[in-house]
Structures are given as C-alpha cells and as structure tokens.
Amino acid sequence: QVRLVESGGGYVQPGGSLRLSCVVSGSSFSINDMAWYRQAPGKQRELVAGITRGGSANYADSVKGRFTISRDNAKNTVYLQMNSLKREDTAVYYCNAQIAGIGWGPWGQGTQVIVSS
C-alpha cells in the first residue's frame with residue numbers, strides 16, 4: 001500500500017527557514033512528478049511547488065524565490081526548502097507523488113508549519 005509521510009514542520013519566526021521532507025513507500029513502481037501542497041485554515045488546498053523526475057521545478061508565484069523543491073529518486077523522497085518564511089506561509093503542508101501505473105498517491109497526514117513571532 002502506497003504511503004506518503006511528511007515531516008519537518010514546526011514553529012518558526014518570520015524570516016526563518018524550514019526544510020520539509022516527504023518519503024513515499026509501498027510501491028515498486030517508479031515515481032514521476034512529485035509536488036508539495038498546502039492548506040491554510042479556512043482555505044482550499046493549493047499547489048506550492050512541483051518537480052519532475054528529471055528535476056524540472058515549478059512554483060506558485062507566492063513562493064518563487066523563497067522556496068526550493070528537490071528530490072532524491074533513490075530514496076523516493078521529495079524536499080521543500082523554505083526560506084524567508086512569512087506569516088501567510090502558515091499552513092499544513094502535504095506532498096503527493098505520481099506513481100507509474102497507479103497515478104497520484106493518497107494524501108498523507110501533512111506537516112504543520114506555523115510562522116509567527
């Protein structure tokens with residue numbers, strides 16, 4: 001059974017940094033695109049950043065220049081380096097992965113990021 005497990009969230013002051021990780025397990029198929037989403041209180045889940053298996057990345061305008069998505073294909077892991085965090089980045093962050101022959105995986109439990117002074 002495919003599982004996605006996020007980690008690395010926490011409490012940080014504005015201007016600070018966090019690095020999120022997400023491990024995909026339970027599948028022997030290759031992973032194509034991977035992505036990070038977030039959901040702030042009272043808002044819909046939104047795409048933050050995506051990355052292809054080859055490493056091409058795209059970002060939401062709100063995080064361009066501050067966040068960097070990367071991946072380790074050997075470890076089935078995707079990362080999100082978040083710098084210059086703002087209060088409006090406060091949300092639960094989720095990852096997802098497009099698995100060959102299966103499609104996008106199930107959502108994990110997410111990891112909470114709180115940006116506050």
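Considered as a group, the residues in the stretch 25-59 that are of a type in the set (D, E, K, R) and closer than 26 Å to Gln1 by Cα include one that is most open to solvent (accessible area, probe 1.4 Å), and that residue is Arg53. For the criterion of being surrounded by fewer than 19 Cβ atoms within 10 Å (Cβ to Cβ), modelled with pLDDT under 95, out of contact with any Phe, Trp or Tyr (no Cβ under 7 Å at 6 or more places or on another chain) and on the phi > 0 side of the Ramachandran plot, Gly15 fails. Among the numbered conditions (1) open to solvent by less than 60 Å² (accessible area, probe 1.4 Å); (2) in contact (Cβ under 8 Å) with a residue 60 or more places away in the chain; (3) closer than 17 Å to Gln39 by Cβ, the only one that Ala97 does not meet is (3). Counting only strands (runs of 3 or more DSSP E) wholly contained in the stretch 44-88, the ones carrying 2 or more residues that are under 12 Å from the mean Cα position of the chain (by Cα) and among the aliphatic types (A, V, I, L, M) occupy 46-51, 77-82.
Scanning the stretch 53-72 for residues that are touching a residue at least 12 places away in the same chain (Cβ under 8 Å) and in contact with a Gly (Cβ under 9 Å, 6 or more places away or on another chain) turns up Ala57, Ile69, Ser70, Arg71.
The values are calculated or read from the model by the stated rules, or taken from the named source; none is laboratory data. Fair warning: this is a prediction, and the values are worked out from it, not measured in the lab. Cβ coordinates were reconstructed from backbone atoms using ideal geometry, including for glycine residues, and neighbour counts include every protein chain displayed. Side chains included, ligands, DNA and RNA excluded: accessible areas come from the protein's heavy atoms. Shrake-Rupley method; radii C 1.70, N 1.55, O 1.52, S 1.80 Å.
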